[in-house]
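Just so it is clear, none of the values below were taken in a lab; they were calculated from the coordinates. Keep in mind that what you see is a predicted model, and the values were worked out from it rather than measured. Glycine gets a Cβ as well: all are built from the backbone with ideal geometry, and neighbour counts include every protein chain shown.
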Amino acid sequence: MQIVKTIKEVREITGAWRKNGYTVGLVPTMGYLHEGHGSLISRAVSENDRTVVSIFVNPIQFGPSEDLESYPRDIEKDSAFCESLGADLIFNPEPAEMYHEGFSTYVDMDILTKELCGITRPMHFRGVCTVVIKLFHIVQPYRAYFGQKDAQQLAIIRHMVDDLNMDIEIKGCPIVREADGLAKSSRNTYLSAAERKAALCLSRAVQCGSDMVKNGETDSVKVVGAMKEIIEAEPLAEIDYVKAVNGLTMQQTDLIEAPALTAMAVYIGKTRLIDNFAVK
Ligand code: PAF
């Protein structure tokens, strides 16, 4: 496995692969990898001849008061993890490699980016779309892999690829959870022992909501209400949002029916965590 820091090197390596007829899978990440990322990498390795993992904490998707500086980083551990899963290349650029002086072109999207996380993080998805499209242009993958935990991000990327006629297959992969149910996230490392325990209210709420829907309840007021009750009972938790939306458009829905997404963002202390369940 190789680790490179420049766009030129990635282009040379992936260009040679494509010339040899190899399919290339891309797993975009911000590093500090866990088993959730591992599931994306393993799937990419199993479905493509070559797999690229990008590790880049993308500054333009963080708001001014967010955790860009403190976002956890451990490139050595990440490299060993990627290698153990069979990845072929890590692209780990410095911010200046991705955003040269005078950089001023962004990819933005209406509607989907304005809901859910887009309300408290108004510039976030512009930063995500911009970096993802840059990574697509640099690596030119055949397939790219994203987690369902960031369900709004996944829907936005699918929409962007469709809107801009990009010839890339977007693969969404299931949420990976800790044994006690907490969705895996690099930000879980911010949690104190008491917060870690409190954070279980998210997965408990997801479990309750999805059980209600499985048992035939489609009224979003009832389902979201029951989920909120669980979170509100936890003193360390503060709800940013719990909403049922159409999973393609992100617009609020009264009926939880396919393709619905019931999603939440909750502060546990200072840490903002997300979780969701989709109705397929
Ligand atoms: O999901 C993430 O880790 C990031 O938003 C992504 C897709 C790698 C873009 O920086």
Inset, instruction - Output the qualifying pairs, or none if there are none: Cβ atoms under 6 angstrom, residues six or more apart or on different chains, first residue in the stretch 14-33 and over 12 Å from residue 82 (Cα atoms) and part of a loop (DSSP other than H, G, I, E, B), second residue among the charged types (D, E, K, R) and more than 16 Å from the ligand (Cβ to nearest atom). - result: 22/49; 22/50; 23/49
Inset, instruction - Please specify each residue of the stretch 1-13 satisfying the condition of being surrounded by fewer than 22 Cβ atoms within 10 Å (Cβ to Cβ) and not in a strand (DSSP E or B). - result: 1, 5, 6, 7, 8, 9, 11, 12, 13
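Has the stretch 251-258 got any residue that is among the aliphatic types (A, V, I, L, M), touching a residue at least 60 places away in the same chain (Cβ under 8 Å), in contact with a helix residue (DSSP H, G or I) (Cβ under 9 Å, 6 or more places away or on another chain) and farther than 26 Å from residue 68 by Cβ? Spell out how you get there, then give the answer.
Taking the stretch 251-258 first, the residues among the aliphatic types (A, V, I, L, M) are 255-256, 258.
Subset that is touching a residue at least 60 places away in the same chain (Cβ under 8 Å): none.
No, the stretch 251-258 contains no residue that is among the aliphatic types (A, V, I, L, M), touching a residue at least 60 places away in the same chain (Cβ under 8 Å), in contact with a helix residue (DSSP H, G or I) (Cβ under 9 Å, 6 or more places away or on another chain) and farther than 26 Å from residue 68 by Cβ.
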Inset, instruction - Of the numbered conditions (1) within 17 Å of the chain's Cα centre (by Cα); (2) over 26 Å from residue 175 (Cβ atoms), residue 2 fails exactly one; give the number of that condition. - result: (1)
Legend entry - Criterion: aliphatic (A, V, I, L, M) and closer than 26 Å to residue 136 by Cβ - qualifying residue of 182, 154, 200: 154
Inset, instruction - With the condition kept exactly as written, say whether any residue in the stretch 153-164 is farther than 29 Å from residue 111 by Cβ, free of Cβ contacts under 8 Å to residues at least 24 places away in the same chain and surrounded by fewer than 16 Cβ atoms within 10 Å (Cβ to Cβ). - result: no
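With the structure loaded, tell me whether residue 36 is assigned to a loop (DSSP other than H, G, I, E, B) and within 13 Å of the ligand (Cβ to nearest atom) or whether it fails that test.
Working: assigned to a loop (DSSP other than H, G, I, E, B): no; within 13 Å of the ligand (Cβ to nearest atom): yes.
Spelling it out, it is not the case that residue 36 is assigned to a loop (DSSP other than H, G, I, E, B) and within 13 Å of the ligand (Cβ to nearest atom).
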